[in-house]
Amino acid sequence: MDDWTVILGPLGLIIGAAVTGYFAVRERRVEHEKPDWPTYSERLERRVDQQDKKIDELFELVGRLRADLESEKRLSAVVLRYLRQVLAWALDQLPAGTPIPPPPAEISAELRDYLQEDR
């Protein structure tokens, strides 16, 4: 019986130390996996603030682009009206059969009525 005690005593200590070590490592790992909520929330807040600023910048850009587009539309309409007037005047002033230079393809549809051959 003494032989078993000599063997089981140290074996029990070894097993006890191993189990204790296992649970200590497991506890440290669980603590390490826990998020650092204050740091995490600060990072999220900074990110949201940056996104809000970018969204505001994009809204301003869209507003400027819309204003530019409206201005270009108005200017295009004025230019086309003027070209129609000039073309009508030229057709009245030029002798019959005088060729008129063709307009650029982008606006030829807009001036189609004024460019007919039977003038």
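The number of residues in region 86-116 that are surrounded by 10 or more Cβ atoms within 10 Å (Cβ to Cβ) and either assigned to a loop (DSSP other than H, G, I, E, B) or among the aromatic types (Phe, Trp, Tyr) (or both) comes to 9. Applying the set (1) at pLDDT below 75; (2) touching a helix residue (DSSP H, G or I) at 6+ places or on another chain (Cβ under 9 Å) to Leu11 leaves exactly one unmet item: (2).
The values are calculated or read from the model by the stated rules, or taken from the named source; none is laboratory data. Worth saying up front: this structure is predicted, and the values here are computed from it rather than measured. Counting neighbours? That spans all protein chains shown, and the Cβs are built from the backbone with ideal geometry, glycine included.
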